[in-house]
1. Round to the nearest 10 and report in Å² the accessible area of Thr37, as given by a 1.4 Å probe over the protein chains' heavy atoms.
2. How far is the Cα center of region 1060-1087 from the Cα center of region 227-268, in Å?
3. Too long at a 30 Å Cα-Cα cut-off: which of Lys867/Lys1000; Lys941/Lys1139; Lys493/Lys513; Lys143/Lys724?
4. Which percent, to the nearest 5, of DSSP beta bridges fully inside region 581-712 are antiparallel?
5. Less than 20 Å apart at the alpha-carbon level, and either on another chain or at least 8 residues along: which lysines does that give for Lys1119?
6. Using a 1.4 Å probe on the protein heavy atoms, what percent of the accessible area of the chain belongs to carbon and sulfur?
7. With r as the distance between the Cβ atoms of Ala128 and Phe50 and R0 = 35 Å, compute the FRET efficiency 1/(1 + (r/R0)^6) and round to 0.05.
8. Filter the cross-link list Lys35/Lys60; Lys324/Lys348; Lys756/Lys915 down to pairs whose alpha-carbon distance in this structure exceeds 21 Å.
Amino acid sequence: MASNCQSFIDYVSLLKHDNGNVTLDEQKLTSIREKFTGLHNGDNIDDKDFRHGTVRNLMKELRITDDTTSFEYVDLIVQQTNDYGARIEVLAKFRSPVEYPDSAATNGKKNKKKIPTSKPIIESQPDAADDIICIIQKKCQRKEIDDFIRTFLFKQVQPSNQPSTSPVFDGKSHSLPRGTLIDLFIRQQMMDRGMITFIHPQSRFRLVESISLTDEFESWTFDHFHNLLNFWLTIDLTNKKKFPNQWKLDPQAKIKYAIVQRLADDNNDQTSKHLERPSTKSLENFIRDICQIEGNGMSNTWYEVLSKKENINTYAHLTNLNQKEWDRIRSLPMNALKTIKFYIDREKQMVEERKTKKTEDPDQKQEISYSEAELCANLHMIKLFFLRQLEDQDGIETIPRLDAYCVETAFDEMRDEGYKDDGLFDEMKLFFQPLTVTESELIINPTLLTKLREAEKTEKTELERIIDNLNHRSTAIQDLLDRTNAGFVALKKVRDVEFQAESSGNTERTYQKQIEIYLLWKKKNEEWREREASYIKEIEKLENKLKYIEAQMMEKQNQLETIEKNSDTQNTKIDRRLVKPHRGFIMYGPPGTGKSVIMSKLAKKIGIAMLGPPLAAGELERPLVGQSEAVILDLCMRGNRLPHLMCCVSIDEIDSLAPRRDEDSSEGKVAKISVLLSVIEGIKDVPNLMFFSATNRLHMMDEAFLRRMSGKFFVGRPSSDARKQILDDIPNTILTPAIRQKLATATTNFSGAALKALTSAITVHYLAKRRGNADYEIQEDDTLILADRTARQYQLFLGLDTLPRLILQNLNDRRQLSVNADEPAGLHLPKTATFTGKIIISLPDEMVRIEIIKKNQPSVFEATLGKTERSLQQLLERITSYGNDRNVQLLQLIDLNLLSSKGAHDEKKIFETLKERYDECMEYKRSMIVYDLDSLIGVNKSESESSMGISTSSSVVNQSIYVYVTSRFREAKIESSQSVEKLTIERWAIAVTRDPFLLKKFTSDVAFTLTVQQREQEEEEEHRSKTILVCAKCRDNFIETENKMGACTYHDGFVYDNLAPGLDKCTPSRAIQELNKEEAIAFTDQTRKEEMDKKNRRFRYICCSAILQVGGGLHGCKKGRHGLDKSENKSQEILSTKKMIEIWEALCLDNHGYNEQFADLIESRNTQFEAERIN
């Protein structure tokens, strides 16, 4: 039956002519498609098994030989959507150099000839190239490239009979020493590739092709030599000799080399510069070049289809097509569309990566574009590629994934480029160190190992001796403890026996005898108890000693076991798992701090291959279900194509791609996170893949993803020193040093982006003003206004306004008050003091109190507020100046305005806001947080009225917030680093209050150090709260702190003798003395008792006419406070009770009102006596 069948090529009359044209029978091609449609019945063509079965039935029906080649052709045809596409695909496959070499089509007669491909093609024996030249093309003229060629490529790695020579950079061919690394590389590459087949004669052959692929994300190319070098093989440097159509390198071939800057031009050879990058001047040139690179000879056909059938006539039109428009192109086969789109995407990628404008000298452009770190990183990646290809060869060394010098240089360069890291780069360098560890560094030095073993042996001997001594001590103490316990038990037995004997004695004892025995036994029992207590004390002491010794023995025994275990292992090399590379990092922090800038530069500078351009998470989103996951997976899987390199995917705003999962998470979000986790130590792990990511919302991200991101770097706002360095970019001719210094204070909390915008605004403002006024000089007010505008653009507010605006207001206030307009006195912290990080500003006292350490004791430094510092807003200039003195990175103001702006009206939201701000401060190494106690907490003052008078009490309003603020204030600290200044931790806390009660309570609750004056006041108050005094008014005892209105009842007037003719007045003390004297007379002379009894009620108070009685107390007609008021005792001296009584009674005698009342009383009494006398 086979004799009745024919191959597919014979069936469709597929012919290749001498001029290179190919023809076929298109009617039979159409017949194949139509018959397949009838047999397939419109079923799913993507069902591979069913389609293949239908193809085999079709071939059987058409009597086409069922061999592999014919089957592939028929299967290719039936997958096309139209006849034209089927024709294009067949011609492309037929022209494939692997299946149909030129020699098979051109040998023989010049007339048409069929190619019998149904049988295995018998190829002619390829030519063996035994003399070949390797052209090493330098695309970048840098000294580092020459050193790389000299020290790496021409390094002798295997022994050779030829003498080693240095490479010659003269563009001429020279003999390549055998056994050098480049020699081994050329032979290995050619051995791996085997036979080389050309369709068209070529004079040069590229030794290594770039990686080119198109996946679900986009087209991607990767040049192993990073556009620094290229390697070509040629037979003749003049390009006159061509390679055979089929050839391979002779294993014993003689290889020469030539180091050139440019390839020689050859009009007949098409492997010139434009083949590396297709021309984009016209659509025709672009299609021609990509077909020439691909070697498919389809340029005319593709261009004709695009220009005539699809009406695409320019390159710009082609590049602007979206995905839907690409899908609507039906006239070209799928593979042709993929090829064209790949080169368009690659061209876009190359345009984006170009760093400088095109110049006439391309070499100079490269020199400008590569920094030292980038060049070092690229050369290191080239080394890794060479060594990977030669890893099975003898003498090939192993180098780390990253070069240590390159990593150091990369971060230094970013600092030099203007990024102020405030210690961030030191942390990031440590993150990449595991990738720089060499195998030799893991090997432990034998000399060091010997010293370690000797030290361990000595330590082991010493530990054994200590353990032996401890054992002896333990045994001795245990014996003593056993004897003591035995003595204690014996003592108890003797006591029990005596007690039993006494208890079982004669029961007929007299009561007196029993009392005597009881007293004797009680005394003896006390003696027994003293002895028992002595035993118990001794036992406890011995047991404690024994426990201490056992603990020491356990510790020493563990040390000994560790040493013995280490001695048994005999490690001579550090375990590679201890320096396991990290799988990714995430940078987080406020916007505008340079996270994206760092990510975009870092990979290129340290030598990590980027699997795609720097991405925003939204670029990976796709509309259809599963597409986003496929895009992420394909992007990460590119790392498998570069197993010798560490690769990375750089994603900004990663929080939208890996949000926190909860019950409400959608299936799409969970799926994307699952894909991310699977490629990082998951089921589809790509071991050489890292993630570079950034976010502003770390707290909203998935915890599993964060665990895999072992590097977490906070990128905060620049510190005071960093702000000054950024402002130094402005020339000195624009800003004076004084204005620059004040501007550094006014820009506190500015991000790096805001500072860059401000420097630009100041420069543009200055240049614009100089156009109209050549003598214009920028003033402080101008810079503050520009800073205020910038702060508003970037939403940088402190309270209700921006810091530059507040400083400008303070400046104007000082001018209006005719005070120093430059700056308030004492605006800076003392330079030599040691601080604790706590500051309290008292507005009532107009004082700033800063806690310091002086002579190892806490103390307080005080500064007086200026005339314009009467509110928190006016204090912010001082506070920011303090922050600048300490190089603070962040200043947070916590007040009622903050809570209002965040909508924090309920307690939960309030504490969320407070915690968020506090946590942000904790992320910075040096931060300052300011609490407005009055607005946050508030004071409730209440007055109560009673029989005792009116009393006032104060209490805090928001107790929960007060507790939170006091606890956070106490956490303020200054941790100095003796080694690295950048690592110093400073957490400053400042409390501002204007209420005396709140000031006193807060100072006490946070244990803030008191000033000398405050301590004296506190001691006086404590003294007043404990000292019992005697009231001069009522003669009662009282404590000053409990002295309230109404506690004292007294008479504030003198007394007078109502029986005396002149109503003699006197003090109560004098009257009491008279009454006591008369009482004594009545006691001794009973005849005068009646007289004395009548006279003892004669003294009355002038204030209320009450009778003065002896022994009846001094309860009076007035109510007040105990003691003398300031107006009553102006001297305010500490006096004796007697003296105080004398002063009080003197005041009563001198009372002008009562003296007038007394005069009226005397006049009335005289008038009465006169009237009685007349009558």
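1. 90 Å²
2. Going from one Cα centre to the other spans 143 Å.
3. Working: Lys867/Lys1000 23 Å; Lys941/Lys1139 38 Å; Lys493/Lys513 26 Å; Lys143/Lys724 36 Å.
With Cα atoms farther than 30 Å apart: Lys941/Lys1139; Lys143/Lys724.
4. On the way: 1 of 17 bridges.
For region 581-712, the DSSP antiparallel bridge percentage is about 5.
5. Output for Lys1119: Lys1033, Lys1044.
6. Details: 30940 of 63120 Å².
Of all accessible area on the chain, carbon and sulfur atoms account for 49 percent.
7. On the way: r = 47 Å, r/R0 = 1.35.
Between Phe50 and Ala128 the formula returns 0.15.
8. On the way: Lys35/Lys60 12 Å; Lys324/Lys348 19 Å; Lys756/Lys915 30 Å.
Correct reply: Lys756/Lys915.
The values are calculated or read from the model by the stated rules, or taken from the named source; none is laboratory data. These numbers come from a predicted model, not from an experiment. Reconstructed Cβ throughout: ideal geometry from the backbone, glycine too, with neighbour counts over all protein chains shown. The area values use the complete protein model at the heavy-atom level, side chains included, leaving out ligands, DNA and RNA. Shrake-Rupley method; radii C 1.70, N 1.55, O 1.52, S 1.80 Å.
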